[in-house]
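Below is one structure, written out as structure tokens, with a few remarks after it.
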Amino acid sequence: MKKGLIIGLLVAAVAFGAGTYFGRSGKQEMTISSSTQGASYAGGFKAEGVAVKPGDAIRSVAGPAPTNVVVVKDGESIQAAIKAAPKGTIVRVMPGTYHETVYVDKDDIRIIGVIEAGRRAVLDGEKKLNDAILYSGNNFVAENLEIRNYKGNGIMGQAGNNFEIRNNVIVDSGVYGIFPQLGQNGIVEHNVVSKIADAAIYIGMSDNILVAHNDVFDSVAGIEIENSRHAIVEHNYVHNNTGGLLAFVTPGLPIKDTVDVIFRNNFVVGNNHPNFGAPGSTVSGIPAGTGILVMAADDVVIEGNIISDNKVSGIIITDHANAQNITADPESEPNSDRVKILDNVMLRNGYDTITEAKALMLAEGKVGAKNLDIVRVGPSPGSCIINRHQYVTVGVSDFTECDFTNTAATVNYLLPPVPPREIKPGERGKVVYLGICTGCHTYNGRMIGPPVQVIQALYLDNPQGLADYIAKPAKKRDDYPEMPPQDYLDPQTRLAVAQYMLQVTN
Amino acid sequence: MLISQARGIAISSWIGTLLLMYSASAFSADGEKLFAQCVACHGNKGEGNATLNAPAIAGQDAAYLERQLLNYRNRRRGADKSDVLGAQMQAMATTLGDDAAIAKVASYAASLPKTVSAAPAPGNLHNGNNLYQGKCGACHGGKAEGNPALKAPRLAGLDAAYIKRQFAHFRDGVRGTDPKDAPGRQMAMMARTLPTERDLDDIIAFIHRQGRPK
């Protein structure tokens, strides 16, 4: 018995020694670069005309402020003021408590809270209302508000372009805190968002986005860039979420890729919050203790972040096949291509990692490592890294040396106000599907609500039944969140979107 | 006057309760009696018998069992020539008598303690979980426990061969084709969305893990 044990230990020791030896001999030469010197990342988006110089950085996208101003006082209704206002109105909301859902379908509306000696305009859903603000108008601005106790969304955009959402406090407000869906050219900055059951800030199917200076915590996903292009996420403090920063391709959405995301100069600290996403949903698959997660997104640049105390790993790079609760989409490329990891400060990550990561470390001969900064599973072609020797890594040995060391030349991806999304006659159903439904329903997987494929099977040739359901949904599934009523859409629109949804093919 | 009326109501409602209690026990007693016809194949605890191709029915949703028995009797299930096993059940269902008898036996089988299938169902649980959550869980429940609100039966506890066979029936137009069988048609539509047979094995492996002691 004893003998067997000793032999076993010997074998293990020899195997370990061989692993270290071969591991070392396979190691590349150490290449040391300085991020203050060397080439700069060219960026993935070129606005037409000349390149923007740092001094000319765009800080506003919603166009000139309207001159028409109305004031809403405590006890009055914000929605009533917006209904009465012409397009091109600033709605000033005085401190007080407002129990309502605000719909904005006009262009150039700005809802600006007035803060008096720390007292804000508070929208309180009392855990009865679903959404605080839904906007489909363009050039929309929401500022200085406090939003609490809604069940669905804090602020959700539905195909509105040129939006600015800043200086808001959003607490415990359902599934998404700030959620611009299908928008181009938007800023989300200086918001404090917490206790959100899915993504605190969720950029969905949008382009040309800046997410900056937000404080995001106690949520399942901190800041999520999903099926979106040309986004910069910088100077945010992202802490005590289940996962901090995420660049995702969610399969089964109408936009099939996520390309060109820069995560830079953020604090990504202690994202170890137990996962409280609905079991079986996409975000419930995020391991608690994830600093940055890249899943099937391409050209994600990670630079200058302080990433510390995330217990599973500082950075996880994965493909669809290895991710939990993901159903592959034949039209989405499943790999994280061309990830670029520049200098980051990584401390005390991966101190209590998952079994899968431990197995990978073992396979690479990294026995006894107490930390894990970067783990990559699944293919990640064309990826690069600089100063790799400073991190504890698994799966990045085939990353090349990046031919740039910083992103200084890429200021932001914002544009002067862009025209509204073009809606052709007869496309109303499609736009509503893209702008609203796909926020929670993917074609073939479980995001928040049931997959569209399942809805198609349930309603077969009964679009009116579906249109009636979305106006007044009834809870049918214990393990899914309740669907918010979409009765702010008129009956024709509801039928149009139901018809569209029942025939869409991915 | 008022008092006697109130007393009258009290007495009649008391008698009503008694009658209800009596009929409920008679109902389940009838169900148990009728269930005797099922045990030869489905087992005396309703646990199913894979060798006889008889699925577990213990603890299954009563409305689902009733609907299937009616489907058999009305030749909406088990009538296709290729479904030899279904034809056996179809013959049995016609011997059960009227709608009330069917309701009774369904309700009795539903009242039996849920069982799990002992036969192993190997497969890739990671893929099985992902596909199950993406395609099945929205109706059959996250743990394959079934959802009466969506007319979706419990799948946990069913043996792999039965699930596979029924899935093929749905996919291949053997089951779920009758215009009056709306839930069956829904399942048939979903069955056609699964890419490969291997995926089905993985999903079944996931289902097999559900509802059993850890």
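Bear in mind these aren't lab numbers, they're just calculated from the coordinates by the rules spelled out. Just so you know, these numbers come straight off a predicted model, no measurement behind them. Positions of Cβ are generated from backbone atoms using ideal geometry, with glycine treated the same way; all protein chains shown enter the neighbour counts.
Note the per residue figure in Å³ for the convex hull of the C-alpha positions in the protein assembly as shown.
Per-residue hull volume (Cα only) is 234 Å³.
Based only on other Cβ atoms within 10 Å, what is the fewest-to-most ordering of B:MET190, A:MET295?
B:MET190, A:MET295
Show the residues, 5+ positions off or on another chain, whose built amide H is closer than 5 Å to the amide H of A:GLU164.
So A:GLU164 has HN proximity to A:PHE140, A:VAL141, A:ALA142, A:ILE187.
Can you flag which of A:LYS475/B:LYS33; A:LYS128/B:LYS143; B:LYS114/B:LYS164; B:LYS33/B:LYS143; A:LYS195/B:LYS143 are past 30 Å Cα-Cα?
Correct reply: A:LYS475/B:LYS33; B:LYS33/B:LYS143.
Show me, for region B:138-147, the HN-Hα J-couplings you get by feeding each phi into the Karplus relation (A = 6.51, B = -1.76, C = 1.60, θ = phi - 60°), rounded to Hz, glycine and proline as x.
4, 10, 7, x, x, 10, 6, 7, x, 8
Give a residue-ordered list of calculated ³J(HN,Hα) values for region A:97-113 (Karplus: 6.51 cos²θ - 1.76 cosθ + 1.60, θ = phi - 60°; whole Hz; x for Gly, Pro).
10, 10, 9, 7, 10, 10, 10, 10, 10, 9, 7, 6, 9, 10, 9, 10, x
What are the extents of the Cα atoms of chain B along their three principal axes, listed from largest to smallest and rounded to whole Å?
Result, largest extent first: 75, 37, 33 Å.
With θ set to phi - 60° and the Karplus curve 6.51 cos²θ - 1.76 cosθ + 1.60, what are the ³J(HN,Hα) couplings of region A:495-500 in order, to the nearest whole Hz, using x for Gly and Pro?
Rounded to whole hertz, the list is 5, 4, 6, 5, 4, 4.
What does the average come to when, for each residue of peptide A:453-466, you count the partner chain Cβ atoms lying within 10 Å of its Cβ?
For this peptide, the per-residue mean of nearby foreign Cβ atoms is 4.
For a footprinting-style exposure proxy, rank B:LEU52, A:LEU245, A:LEU210, B:LEU194 by other Cβ within 10 Å, fewest first.
B:LEU52, B:LEU194, A:LEU210, A:LEU245
Report, in cubic angstrom per residue, the convex hull volume of the C-alpha atoms of region A:185-327.
Spelled out: Cα convex hull of region A:185-327, divided by residues, is 82 Å³.
Count the DSSP beta bridges whose two residues both fall in the protein assembly as shown, then state the antiparallel fraction as a percent rounded to the nearest 5.
Once the DSSP bridges in the protein assembly as shown are tallied, antiparallel ones form about 5 percent.
Okay, helix-only estimate at 222 nm for the protein assembly as shown: each DSSP H run of n ≥ 4 adds -39500 (n - 2.57), divide by all residues, round to 500 deg cm²/dmol; what do you get?
-8500 deg cm²/dmol
So if I restrict to the alpha-carbon atoms in region A:175-418, what is the Rg, and what is Dmax, the biggest pairwise distance, in Å?
In Å, with Rg to one decimal and Dmax whole: 16.1, 54.
Evaluate 2.2 N^0.38 Å with N set to the residue count of region A:428-503, then give the Cα radius of gyration divided by it.
0.99
Once you treat every alpha carbon in region A:100-204 as an equal point and sum by Debye, what is log10 I(q)/I(0) at q = 0.18 Å⁻¹?
The calculated log intensity ratios at q = 0.18 Å⁻¹ are -0.75.
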